[in-house]
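**Q** Mind having a look at this structure? Questions to follow.
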Amino acid sequence: MVMEKQNSDTVLINELLGEYIAAINAGDMDRWMAVWSPEGKQMPPGAPARVGLEEIRDGNRPMFDLFNTEMTVYPDELRVLGDHAYGHGNYDYAMTPKEGGRAIGGSGKFLSILKKQKDGSWKFAIDCFNDNAPPDAL
């Protein structure tokens, strides 16, 4: 894993990534939406890019409404370049239907670009991800 020397920005970005995952695992869409910049762009597999908070929320509503999700992220690299940063790595997930049924799961990779906000915090500006294979029933 290639990580920059810990400084205040990398600490904040790692906390933001932790919040991203904690919000998904808690099923808390509002909490998850708080990690995005207003002009954020999500680039999911097999679908058009979702631009802005409204499209990101609408596109992810089924995941939060229909599933209990457990996700783990394994960052490989984080680099801060002024007011922007990028990170990439891998993830595993399992999604269990809230109304019962078999869970589905898989693993994949991600590349994220983050943007420093005027208040010094960091938010996701672009998040691109895709699974390594179609999800499997667990």
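**Q** State yes or no: is Glu39 at pLDDT 95 or above, of a type in the set (D, E, K, R), outside any helix (DSSP H, G or I) and closer than 14 Å to Leu114 by Cβ?
**A** yes
**Q** Which number in (1) exposed (fewer than 13 other Cβ atoms within 10 Å of the Cβ); (2) in contact with a Ser or Thr (Cβ under 7 Å, 6 or more places away or on another chain); (3) of a type outside the set (S, T, N, Q) marks the one condition that Asp65 misses?
**A** The failed condition is (2).
**Q** Filter region 8-27 down to residues that are closer than 22 Å to Gly82 by Cα and of a type in the set (A, V, I, L, M) and give me whichever is surrounded by the fewest Cβ atoms within 10 Å (Cβ to Cβ).
**A** Val11
**Q** A further question on this structure: Look at region 87-113 and say how many of its residues are under 18 Å from Ala22 (Cα atoms) and aliphatic (A, V, I, L, M).
**A** 2
**Q** Looking at region 55-84, which of its residues are under 22 Å from Lys118 (Cβ atoms), part of a strand (DSSP E or B) and in contact (Cβ under 8 Å) with a residue 24 or more places away in the chain?
**A** Selection gives Leu78, Arg79, Val80, His84.
**Q** For Gly52, only one of the following conditions fails: (1) within 20 Å of Cys128 (Cβ to Cβ); (2) of a type outside the set (Lys, Arg); (3) in contact with a Pro (Cβ under 8 Å, 6 or more places away or on another chain); (4) surrounded by 16 or more Cβ atoms within 10 Å (Cβ to Cβ). What is its number?
**A** (4)
**Q** Could I ask something else about it? Take Ser107 and tell me if it is among the hydroxyl-bearing types (Ser, Thr, Tyr), free of Cβ contacts under 8 Å to residues at least 40 places away in the same chain and part of a strand (DSSP E or B).
**A** For Ser107, the condition - among the hydroxyl-bearing types (Ser, Thr, Tyr), free of Cβ contacts under 8 Å to residues at least 40 places away in the same chain and part of a strand (DSSP E or B) - is met.
**Q** Separate question: From the residues in region 115-138 that are part of a strand (DSSP E or B) and among the small types (Gly, Ala, Ser), which one is farthest from Asn14 (Cα to Cα)?
**A** Ala137
**Q** Let me ask something additional. Residue pairs, Cβ under 6 Å, 6 or more apart or interchain, first in region 118-138 and without any contact (Cβ under 8 Å) to a residue 60 or more places away in the chain, second among the β-branched types (Val, Ile, Thr). List them.
**A** As it stands, the answer is Pro135/Ile104; Ala137/Ile104, since those pairs meet every condition given.
Residue by residue, here is whether (1) within 18 Å of the chain's Cα centre (by Cα); (2) surrounded by fewer than 17 Cβ atoms within 10 Å (Cβ to Cβ) holds:
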position	(1), (2)
Leu78	yes, no
Lys98	no, yes
Arg102	no, yes
Gly108	yes, yes
Lys116	yes, no
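**Q** Please tell me if Arg31 is under 15 Å from the mean Cα position of the chain (by Cα), among the charged types (D, E, K, R) and more than 22 Å from Asn130 (Cβ to Cβ).
**A** Yes.
**Q** What single numbered condition from (1) more than 27 Å from Ala103 (Cα to Cα); (2) loosely packed, with under 15 Cβ neighbours inside 10 Å fails to hold for Asp30?
**A** For Asp30, the exception is condition (1).
**Q** How many residues does region 82-129 hold that are in contact with a strand residue (DSSP E or B) (Cβ under 9 Å, 6 or more places away or on another chain) and acidic (Asp, Glu)?
**A** The qualifying residues number 3.
The values are calculated or read from the model by the stated rules, or taken from the named source; none is laboratory data. Fair warning: this is a prediction, and the values are worked out from it, not measured in the lab. No Cβ is skipped: glycine too gets one built from the backbone with ideal geometry, and neighbour counts run over all protein chains shown.
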